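Chemist: My structure is below; once you've seen it, I'll send some questions.
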Amino acid sequence: MIAIVDYGMGNLFSIYNAFLKVGGDPEIKRDPEFGGAEGIVIPGVGSFGRCTERLRRFQEPLEERITEGTPVLGICIGMQVMLDESEESPGARGFGWIPGRVVRLPESVTVPQMGWNSLEIKKGMELLDGISPGDMFYFVHSYHCIPYDQRVVAASTHYGVELAAVVAKDNIYGTQFHPEKSGPKGLRILENFVRMVRC
């Protein structure tokens with residue numbers, strides 16, 4: 001079972017249906033209890049401060065499952081909250097699972113970014129199995145992640161600057177783009193996640 005965290009701000013319908021398509025046996029979790037979950041997904045829509053505030057009650061059980069080795073995937077703001085802080089919400093604390101900060105896209109580009117961008121693969125990994133350099137994914141965001149250790153960046157994209165599109169640290173994964181809105185290639189990433197959690 002893939003647990004999808006419902007903290008009142010995620011696009012649950014599309015991510016739920018996407019996991020159904022790839023055989024993920026998804027279940028929406030409104031309470032901070034993840035018994036039986038093989039993998040956990042933190043979807044994301046909204047601001048960093050509001051998301052971290054609403055997710056705070058899930059923090060302890062999420063961190064327990066991370067310590068146990070359960071794979072966790074953050075999508076868009078669900079990836080950003082894994083870092084320490086964001087310019088979007090000064091003073092708000094992220095979870096710090098991936099040390100780093102979140103900054104606004106440069107003034108030289110249209111903000112928010114809403115559209116398709118290609119990936120540059122930085123390192124091979126199971127989550128990106130079947131994904132090739134140049135494959136296109138759908139982004140909707142105004143801020144982007146800067147991990148302090150750039151070795152966690154598995155794929156990047158260019159939008160005014162080079163920015164982290166996929167991050168991976170141990171059993172923690174994140175995508176800045178929305179795989180559930182990215183057609184067959186996005187579904188391939190979710191299918192890869194399902195396969196990973198069932199190994």
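Chemist: Give me the Debye-computed log₁₀ of I(q)/I(0) at q = 0.08, 0.14, 0.18 Å⁻¹ for segment 2-197, equal point scatterers on Cα only, no solvent, two decimals.
Modeler: Values returned for q = 0.08, 0.14, 0.18 Å⁻¹ are -0.22, -0.71, -1.27.
Chemist: What does the charge dipole of the chain about its Cα centre add up to, to the nearest 20 debye, if the Cβ of each Lys and Arg holds +1 and the Cβ of each Asp and Glu holds -1?
Modeler: Values: 20 positive and 25 negative charges, 54 e Å.
In debye, rounded to 20, the chain gives about 260.
Chemist: Note down the nm distance, to one decimal, between modelled labels 7 Å out along Cα→Cβ at MET136 and at GLU53.
Modeler: Distance between the two pseudo-spin positions: 3.8 nm.
Chemist: Classify segment 1-88 as rounded, prolate or oblate from the Cα gyration tensor: take a ≥ b ≥ c as the square roots of its eigenvalues, call it rounded if a/c is under 1.5, otherwise prolate when a/b beats b/c and oblate if not.
Modeler: In terms of gyration-tensor shape, oblate.
Chemist: Right, here's the next one. Non-local amide H neighbours of GLY44 (under 5 Å, H modeled in plane, Pro and chain starts lacking H): which ones?
Modeler: Those lying under 5 Å, H to H, from GLY44 are ASN11, ILE75, ILE77, GLY78.
Chemist: Please work out the Cα center distance from segment 82-124 to segment 172-199, rounded to the nearest Å.
Modeler: That distance is 19 Å.
Chemist: Express in nm, to one decimal, how much length is gained between VAL161 and ASP25 on full extension, taking 0.36 nm for each residue of separation and deducting their alpha carbon distance.
Modeler: Gain in length upon complete extension: 45.3 nm.
Read-outs: derived from the displayed coordinates by stated rules, not from any lab. Just so it is clear, the model here is predicted, and its values are computed rather than measured. Heads up, the Cβs are rebuilt from the backbone with ideal geometry, glycines too, and the neighbour counts pull from every protein chain shown.
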